1. Restricting to the stretch 272-286, what's the tally of residues that are open to solvent by 60 Å² or more (accessible area, probe 1.4 Å) and within 15 Å of ligand 1 (Cβ to nearest atom)?
2. Of I75, I39, which residue is of a type outside the set (S, T, N, Q), open to solvent by less than 20 Å² (accessible area, probe 1.4 Å) and within 15 Å of ligand 2 (Cβ to nearest atom)?
3. Quick check on the stretch 247-259: of everything there that is open to solvent by 20 Å² or more (accessible area, probe 1.4 Å) and in contact with an Asp or Glu (Cβ under 6 Å, 6 or more places away or on another chain), which residue is farthest from I46 (Cα to Cα)?
4. When you go through (1) loosely packed, with under 13 Cβ neighbours inside 10 Å; (2) in contact with a Pro (Cβ under 6 Å, 6 or more places away or on another chain) one by one for E425, which number turns out not to apply?
5. So if I check each of V482, V438, which one is without any contact (Cβ under 8 Å) to a residue 60 or more places away in the chain and touching a helix residue (DSSP H, G or I) at 6+ places or on another chain (Cβ under 7 Å)?
6. Residues that are under 19 Å from D49 (Cβ atoms) and either modelled with pLDDT under 95 or away from ligand 2 (no atom under 16 Å from the Cβ) (or both): find the helices (runs of 4 or more DSSP H) completely inside the stretch 189-289 holding 1 or more of those.
7. Out of K189, K130, I need the residue that is without any contact (Cβ under 8 Å) to a residue 40 or more places away in the chain, within 21 Å of I75 (Cβ to Cβ) and surrounded by fewer than 16 Cβ atoms within 10 Å (Cβ to Cβ). Which one?
8. Could you list all residues from the stretch 269-293 that are touching a strand residue (DSSP E or B) at 6+ places or on another chain (Cβ under 7 Å) and not aromatic (F, W, Y)?
Amino acid sequence: MALRLYNTLSGKIEDFHPLDGNRVRMYACGPTVYDYGHIGNFRTFIAVDLLYRFLRQSGYDVRYVMNITDVDDKIIRNSARDGVTVQQYTAKFTQAFLEDSATLSIEPPVLVRATEHIDAMAGFIAELVKKGFAYRTDDGSYYFRIAKFPEYGKLSKKDFAGMTDGARVDLDEYEKDSARDFALWKAPKPGEASWNTSIGPGRPGWHIECSVMSMEQLGPSFDLHAGGEDLIFPHHENEIAQSEALSGKQLARYWFHSRFLLVEGQKMSKSLGNFFTIRDLVLRGHKPSSIRWLLTQVPYRNQLNFTFDGLKSAASSVEKLRNFRFRLTSTPFLAGATQPMAQLADETIAQIKSALDDDLNTAEAQAAMFDMLRKANTALDATEVRQDDVKPLLGALEKFDEIFGVLQDDDQPKMKAILDWARAEGREKEISPELMEVAGSAQLADEQVNRMLAEMEAARKTRNFKASDALRAELTAAGIIVENTKDGVRWRRK
Ligand code: AMP
Ligand code: ZN
């Protein structure tokens, strides 16, 4: 069986056939780098990472491109608020995105930045104007004329018949049913970043960025375009309109969208206090491998409900996989082979492949692996496993891990790096004793200890005992002994 994927464009599960033999060209909308990425963003990025890994494992030669949106409404607003350039504002979060992706063992795509394609965007818009699909307004902004593109709505299945020609929307993100001409290019506003280009000064709208970068990297028609379900409208609908109006060709054959993640049954939001970045979770002491595993457990089109209980059980699943490998590689076995173990490994590989071929059914693939673990562990307990059984069993485990990426035991250094980052950012208070424990021998520098003691004293004076206790716990966990003497607070290392 070959891969079958749900295609948002057709609304059906279809056989996947690339346009060009064995080559797959795919594009995913990347992060808008105005803040640290949250677990919802990484739910989607990991879903696409699994697809990328599985396509490669299935023998395809894959070119996977992802953009970094380093200019949009939010970025312009925040950089103006902070009095820094767009470049200064986004550099930190672009770097954080790269680090978080590596923390979660995401295979790096080819990354392209919007701000490096501004001239190409201006050229693209000029072409659209020439063909009658775009127009300039008096202030120097440019809009896409959706009435000229009758297929508008084909991805999101919206019927825009009878829409009013010429009504416009400026925002990068807007209401779900807005049948308006959308901004391709926005005239400069005082205090906001802008670029001088062949179509005049200003800055690009968000949608044009992806049309230009995807087509530049992958050609006017490519195989697959991915993102979270919120991007179907307007972002992807607008990309299709811009690109297909220009080229007259289908932009992407398959449209892949992952379902939005919930946290403890609710929509994630800062106001509900259930908003988590990858760093937040690591600061609480959770391992990157547990986070990755949890984000892969539910197939991408089903709603994943992120819970802390789920995160704990994810940690134990990863532990079981690693223990199994350890058991296979460290036990002395009798020579020879057994028929059932080799067969078990083969069957498991086949089951995993057929689960993933079935629209990336990760839950079923994982169940198949745990079934193998259970049976093989029973055989190991009964000393029924022989030396030559190790290779096929390990082979199945490794093949599974080419997709799921949790076997490599590198959580500790990754957590240590986040601990160091939190200190450098002055976020010591968020560091949990659990993280201190996992990150291990991480010693605090003298001046950090002094600073924390001063903060502890200040907290105590304002009767904020929760904060002072947390600081003390952190110091204790780092092996710092604090003594209250009549001369004041003294400390020493354990
Ligand atoms: P953004 O940085 O907002 O442009 O989003 C980057 C990616 O994360 C896009 O593909 C979004 O669709 C996706 N995304 C944002 N929030 C969630 C969520 N709660 N669950 C799943 N995907 C999300
Ligand atoms: Zn995009």
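The values are calculated or read from the model by the stated rules, or taken from the named source; none is laboratory data. Treat the numbers as computed from the prediction; the structure is a model and nothing was measured. Methodologically, a virtual Cβ is constructed for each residue, glycine included, from the backbone with ideal geometry; neighbour enumeration extends over all protein chains shown. Note: areas computed on protein heavy atoms with side chains; ligands, DNA, RNA excluded. Shrake-Rupley method; radii C 1.70, N 1.55, O 1.52, S 1.80 Å.
1. Selection size over the stretch 272-286: 1.
2. Being of a type outside the set (S, T, N, Q), open to solvent by less than 20 Å² (accessible area, probe 1.4 Å) and within 15 Å of ligand 2 (Cβ to nearest atom) holds for just one of I75, I39, which is I75.
3. Ranking the candidates gives R253 first.
4. (2)
5. V482
6. Those helices (runs of 4 or more DSSP H) span 278-283.
7. When all the criteria are applied, what remains is K189.
8. L272, N274, T277
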